[in-house]
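Enquirer: Take a look at this one; I'll ask things after.
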Amino acid sequence: MSTSTIRKRHAAGFTLIELLVVIAIIAILAAILFPVFAQAREQARKISCISNAKQWGTGIMMYVQDYDETMVMSANYGTPLRRDDNSVYRTYQPWPALVQPYVKNKQLGICPDMTDSLPTSGNNRSLLYCSYGLNYGYLGNYVGADPGSGDNFWTPITLAGINRAANTILIADAQAPNWADKGHATVWSNEGDVDCIEPPDAFLSDKVFYGHGWGNDTSDLTAAYDYPGYGGMAFRHNSSGFKPNTMPEGGANTVFCDSHAKFYKVGGLAAGTNYSPTQPGTKVFVVNKDAYLWDPRN
């Protein structure tokens, strides 16, 4: 009788070299994929933001129809903004509070790319510090300042005063409530008009504006924004952060007076001007009205 040879099998294992190769491959894949995932998340935030902005634009158009085709005011100083307990939060209502009955969602006032976590209820801060700013200067006529309070007043224009609704900016991503000093070492909360945006030519416009517009100026508060922003604008989407005297790499979601929304980089929003980030705001002026997106009279 023949006997069969019984061979004992041993489980194969990884050698150290093989294990290191696998770890290296995983590390390479992670290095490749993590930035892709980050970009995908940023794209999702940008899409969510433009959806918010689009709903604000639609809400404003609904407001306009209810008020005899008159644009929304930048602020109504005749009615206070109140907290949930009915105490007065501010002595005026900014435009997001005026439009809120038409959108019925305070969360829309917060861009997903804002660094500040703003509460959506309680003190109505998301309405006071909305992520989106109104082109108040060109969509209203300046009528002067109150001698007592010093508040500046604008009367909103009508739809009939907008020559090219699809080419006139209504609202866009606005500066968050945090400001910073020149070196960005100190950041503080500002109680100002963060719901408004300035056009590039704010200095030389025939209207009166809150700020100094765009450009680099030692007296220009826009040069001290925490985000890379100018004239109240915030180019926070796909942005690499603040870089002095440098064109922001990101862009802003923008809604036009026909309520359509589009993503714009700085150059697109400054089209029609001689704007550059290295010149003073006083030197920014319109050179081509056909390309300018801010003045409804064009």
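Enquirer: Working only with C-alpha atoms, what are the Rg and Dmax values of the stretch 247-298, expressed in angstrom?
Expert: Expressed in Å, the Cα Rg and Dmax of the stretch 247-298 come to 11.8, 33.
Enquirer: I need the calculated FRET efficiency for the pair Asp151 and Glu249, taking r as the beta carbon distance and R₀ as 25 Å, to the nearest 0.05.
Expert: Rounded to the nearest 0.05, the efficiency is 0.10.
Enquirer: Name the long-range amide H neighbours of Leu170: under 5 Å, sequence gap of 5 or more, or other chain; modelled H, no Pro or chain starts.
Expert: So Leu170 has HN proximity to Val255, Phe256, Cys257.
Enquirer: When a footprinting reagent is the concern and you count Cβ atoms within 10 Å, what order do Thr158, Thr254 take, fewest first?
Expert: Final ranking by Cβ density, sparse to dense: Thr158, Thr254.
Enquirer: Can you pull the one-decimal nm distance between simple spin-label points at Thr158 and Thr282, each 7 Å off the Cα toward Cβ?
Expert: 4.0
Enquirer: May I ask which of Lys104/Lys262; Lys46/Lys104; Lys54/Lys104 have a Cα-Cα span longer than 19 Å here?
Expert: Details: Lys104/Lys262 23 Å; Lys46/Lys104 21 Å; Lys54/Lys104 14 Å.
Correct reply: Lys104/Lys262; Lys46/Lys104.
Enquirer: Can I ask one more? Taking 0.36 nm per residue of sequence separation and subtracting the Cα-Cα distance, how much length would be gained by fully extending the chain between Ala44 and Lys207, in nm to one decimal?
Expert: Net length gain for the segment: 54.9 nm.
Enquirer: Kindly state, to the nearest 0.05, the FRET efficiency for Thr58 paired with Ala24, given R0 = 35 Å and r defined as their beta-carbon distance. Don't skip to the end; give the middle numbers.
Expert: Values: r = 52 Å, r/R0 = 1.48.
That gives a FRET efficiency of 0.10.
Enquirer: So how long is each side of the stretch 63-142 along the principal axes, counting just the alpha-carbon atoms, biggest first, in Å?
Expert: For the stretch 63-142, the Cα extents along the three principal axes come out at 33, 30, 23 Å.
Enquirer: While we're here: Using a basic spin-label model with each label point 7 Å from the Cα along Cα→Cβ, how many nm lie between Ile17 and Lys289?
Expert: Computed distance between label sites Ile17 and Lys289 equals 7.7 nm.
Enquirer: What is the percent of Cα-Cα separations in the stretch 59-98 that go past 15 Å? All intermediate terms of the calculation are to be shown ahead of the outcome.
Expert: Details: 345 of 780 pairs.
Distances greater than 15 Å cover 44 percent of the Cα pairs.
Here, each number is a calculation from the coordinates, and none is a lab measurement. All figures in this text were calculated on a predicted structure; none of them were measured in a lab. Glycine also receives a Cβ, built like all others from the backbone with ideal geometry; neighbour counts cover every protein chain displayed.
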